[in-house]
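This report concerns only the one structure given below.
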Amino acid sequence: MKATLTQARAAKEKLLRKVATRTDVNGVGITRGQGGYGLKVNLSEDGGKRLPSDVDGVPVRVEVVGAITKRSPAPRRRSA
Amino acid sequence: MRLDSVRELKSEWSQLFLTPAARRRVAHAMAFEAGRMQELPSAPTLALGVAPGSNGSDFRLAVRLQRRSAAAAIHLEELHERSRGEIDVRFVGRIRKRTWFTDRHRPIQMGISVGHFRITAGTLGAFVTGPRGRPRILSNNHVLADENRGAKGDAILQPGAIDGGLKRDRIGGLDRSVKLKPAGTNAIDAALATIDDGVETRIGVLRGTRAKAAGAAPEDTAIELVEKWGRTTGHTRGRVTAFELDNVVVGYEIGNLRFDGQIEIEAAGATPFSEGGDSGSLIMTAGEHLGVALLFAGSQTGGRRNLGLTYANPIAPVLKALGVALVA
């Protein structure tokens, strides 16, 4: 099935509710491909927990992205 | 010492302190995180070499340390004894790669190093104007407002402090910011700075190209290829991999903050799309240079070639929250 943006948005809300308590999930978003729209789930670590391959026919792609931090160089300056 | 004696001593101490395993040990003793050392392969904490001796015909072991605390970690006293004092020790501070983007620039323009006086550095993202018409600088809250801790009027330096910016390098003052919320959901990491009288600007100019930044893209434009100019990685190209990304938890000094409605970008070339210091960069459509997002976070892994992923606030809510428009 080629999912529309509206279908992908509805599937995203459903998936967000499903993974609400999972601490390894660090982002659920929408992807755009040649075959229509899909979902992307980012994980901070590969804990081996399962995720569905689709939600109501909208394909789900999973990627381990690790920790996400602000893009500032460390170390912080100590004084003015 | 004779040259061959110095070389022998250098070789022995290199084995002890410069192998990967030894560097981790030294880093630990110096209270660095080992991970940070790996991120900075071009900036070791210790370097060994050969220095000329005092009488012009002999030699000494040259020891260059980035921190005084490193002296204990590498048993400098023992080294002193072994070489009968014939070592040349200097504390050189942290060595950083300088680029055009980290240098001081007047007039100021998009992509250069900038920051609140208490932070390291971020990027001057773009020039914007409000209802009263005077141009302002757009970047992140964590770049211009020190994660909510800055006060109106606080000095904004160019370059940022980590790039050598001092009080005399002030280009403006913190104007206002969108507060970062440690609890609840964020959408934006953004702030504005005023520009001091006498500080000239090159509005819209993008280094290395004749093209100019062309204002903001219409909301809900389908975006694929993007470009940005940033303090650390300079001019890079990327590809949007996800949008309307919710539940993104980002590490800050004030805690882990949740963001909804974000854009995710991977590298389109052989190097990362962004790294630390690129925060605040304006992300634009490739070719047309229409502003689409404000860069603020990233990961070290994931994306094309595992070069990491970049996260950005869509530009429309940023401009709306601050009541400004991009200057074309």
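The values are calculated or read from the model by the stated rules, or taken from the named source; none is laboratory data. Only a predicted model underlies this, so the values are computations on that prediction, with no experimental measurement involved. Positions of Cβ are backbone-derived with ideal geometry, glycine not excepted, and every protein chain shown enters the neighbour counts. Accessible surface is based on the protein model in full, side chains and every heavy atom, while ligands, DNA and RNA are left aside. Shrake-Rupley method; radii C 1.70, N 1.55, O 1.52, S 1.80 Å.
Values for this structure:
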| read-out | value |
| --- | --- |
| Above-threshold pairs, the threshold being 26 Å between Cα atoms, out of A:Lys49/B:Lys181; A:Lys18/A:Lys40; B:Lys181/B:Lys320; A:Lys70/B:Lys179; B:Lys228/B:Lys320 | A:Lys49/B:Lys181 |
| Efficiency of FRET from Cβ geometry, A:Gln34 and B:Phe91, R₀ 60 Å, rounded to 0.05 | 0.55 |
| Cα-centre dipole for segment B:139-226 with unit charges at Cβ (Lys and Arg positive, Asp and Glu negative), debye to 20 | 200 debye |
| Peptide A:30-43, shielding by other chains (average Cβ, 10 Å cutoff) | 3 |
| Minimum 50 Å² accessible area buried by the other protein chains, segment B:264-300 residues, probe 1.4 Å, relative to alone | B:Gly298 |
| Average Cα contact separation per residue, chain B, under 8 Å, 6 or more apart, as relative contact order % | 14 percent |
| Chains B and A, summed buried accessible surface - 1.4 Å probe, Å², nearest 100 | 3300 Å² |
| Rounded to whole Hz, the Karplus (6.51, -1.76, 1.60) HN-Hα couplings of segment B:179-190, x for glycine and proline | 4, 7, 9, x, 10, x, 10, 9, 10, 9, 10, 9 |
| Crossing angle, helix B:20-29 versus chain B [Cα axis fit, 0-90 degrees, rounded to tens] | 80 degrees |
| Magnitude of the charge dipole, the protein assembly as shown, Cβ model with Lys/Arg +1 and Asp/Glu -1, debye to 20 | 460 debye |
| Anisotropy class of segment B:195-328 from Cα gyration tensor, a/c 1.5 cut | rounded |
| Longest segment of chain B lacking GluC sites (Glu not before Pro) that sit in a DSSP loop with at most 16 other Cβ atoms within 10 Å | B:34-199 |
| Chain B, accessible surface, carbon-and-sulfur percent (1.4 angstrom probe) | 50 percent |
| Label point distance in nm, B:Asn306-A:Val64, each placed 7 Å from Cα along Cα→Cβ | 0.9 nm |
| Karplus (6.51, -1.76, 1.60) ³J(HN,Hα), θ = phi - 60°, over segment B:235-244, in Hz, Gly and Pro reported as x | 8, 9, 10, x, 10, 6, 9, 7, 9, 6 |
| Where B:Tyr311, A:Tyr37 fall by accessible area, highest first, once all protein chains stay in place (1.4 Å) | A:Tyr37, B:Tyr311 |
| Assigned charges on the beta-carbon of Lys, Arg, Asp, Glu; chain B dipole about Cα centre (debye) | 760 debye |
| ³J(HN,Hα) computed for each position of segment B:216-228 - Karplus, 6.51 cos²θ - 1.76 cosθ + 1.60, integer Hz, glycine/proline x | 9, 6, x, 4, 6, 5, 6, 10, 10, 8, 9, 9, 8 |
| Tilt relative to chain A, helix A:5-18 - C-alpha long axis, 0 to 90 degrees, to 10 | 60 degrees |
| Mean accessible surface per residue for the protein assembly as shown, computed with a 1.4 Å probe while every protein chain stays in place, in Å² | 47 Å² |
| 0 to 90° range, to nearest 10: angle between helix B:3-17 axis and chain B longest Cα axis | 50 degrees |
| Segment B:Asn256-B:Ser11, length gained on full extension (0.36 nm per residue, minus Cα span) | 83.7 nm |
